[in-house]
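I have placed the structure first, in the form of structure tokens, so that the comments after it can refer back to it.
The values are calculated or read from the model by the stated rules, or taken from the named source; none is laboratory data. Note that this is a predicted model, so its numbers are computed, not measured. Cβ placement follows ideal geometry from the backbone for every residue including glycine, while neighbour counts extend to all protein chains displayed. We work out accessible area using only protein heavy atoms, side chains counted, and drop any ligands, DNA or RNA first. Shrake-Rupley method; radii C 1.70, N 1.55, O 1.52, S 1.80 Å.
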Amino acid sequence: FKWDNHFSWSYNGEMADAIKERVKAAGGSIVGDLCCRLAWEYTDDLDFHCTEPGSHGGPGGSYDINFTNRRQKSPCGGMLDLDANGADGQRDDPAENIYYADKRQMKEGIYTFKVHNYNRRSDGKGFVVEIEFDGQIHRIEYDKALRTQEMLEVAKIRLKNGEFSIIESLPSTQTTKEVWDLTT
């Protein structure tokens with residue numbers, strides 16, 4: 001259901017996923033072996049970053065997915081496909097999205113996800129990051145304001161032997177469970 005306000009509800013077991021729908025409506029991909037979504041409710045230009053492991057150039061031999069290379073596949077197969085309140089224009093329901101379609105293209109190691117406030121334009125605060133892999137959604141909520149140019153590490157994800165594990169920098173809740181014989 002679509003409303004003209006910011007109220008919503010969640011079915012039992014989080015069957016309705018507002019952030020995933022927000023990304024989909026903005027033209028982002030919600031399908032992949034690793035999907036990471038950022039959402040907030042104000043006009044600041046928050047940017048989502050992912051630093052990949054490996055010898056791809058850049059600082060420390062790593063590659064950083066960010067707004068400067070949006071819609072370009074990274075050396076490990078990842079892509080930022082939405083840059084809300086920045087290059088893709090101002091949105092009432094801003095979201096950014098980094099996804100990896102196929103973990104077989106990904107290099108083993110640690111993937112570090114960060115949120116950067118490129119431009120503080122409001123008195124809004126907080127954001128939500130969802131990290132989805134192996135049918136599970138990890139939800140990270142941050143309730144403070146980021147200053148202009150402040151960057152905050154949100155999570156680290158390890159890929160080892162074809163399996164993901166999350167190393168959390170901020171508190172998380174895992175919302176996946178089985179309800180009515182359906183994995184949510």
Is at least one residue of the range 37-45 without any contact (Cβ under 8 Å) to a residue 60 or more places away in the chain and outside any strand (DSSP E or B)? no
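Output yes when any residue across the range 54-62 is closer than 12 Å to Asp93 by Cα and either at pLDDT below 70 or assigned to a helix (DSSP H, G or I) (or both), and no when none is. Spell out how you get there, then give the answer.
In the first step, residues of the range 54-62 are kept if they are closer than 12 Å to Asp93 by Cα; the result is none.
No, the range 54-62 contains no residue that is closer than 12 Å to Asp93 by Cα and either at pLDDT below 70 or assigned to a helix (DSSP H, G or I) (or both).
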Checking Ala101 against (1) touching a strand residue (DSSP E or B) at 6+ places or on another chain (Cβ under 7 Å); (2) within 21 Å of Phe164 (Cα to Cα), which single condition isn't satisfied? (1)
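Kindly provide the set of residues from the range 80-107 that are charged (D, E, K, R) and part of a strand (DSSP E or B), ordered by number.
Of the residues in the range 80-107, the ones charged (D, E, K, R) are 81, 83, 88, 91-93, 96, 102-104, 107.
Selection gives Asp81, Asp83, Glu96.
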Limited to the range 131-152, what total is found for residues that are at pLDDT 95 or above, charged (D, E, K, R) and surrounded by 14 or more Cβ atoms within 10 Å (Cβ to Cβ)? 1
Output the number of residues of the range 107-130 satisfying the condition of being open to solvent by 60 Å² or more (accessible area, probe 1.4 Å) and in contact with a helix residue (DSSP H, G or I) (Cβ under 7 Å, 6 or more places away or on another chain). 0
For the range 118-171, which residues satisfy the criterion of being assigned to a strand (DSSP E or B) and free of Cβ contacts under 8 Å to residues at least 40 places away in the same chain? His138, Arg139, Ile140, Glu141, Tyr142, Leu152, Glu163, Ser165, Ile166, Glu168
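Is it true that Thr184 is surrounded by 12 or more Cβ atoms within 10 Å (Cβ to Cβ) and at pLDDT below 85?
On the way: surrounded by 12 or more Cβ atoms within 10 Å (Cβ to Cβ): yes; at pLDDT below 85: yes.
So Thr184 fits the description; yes.
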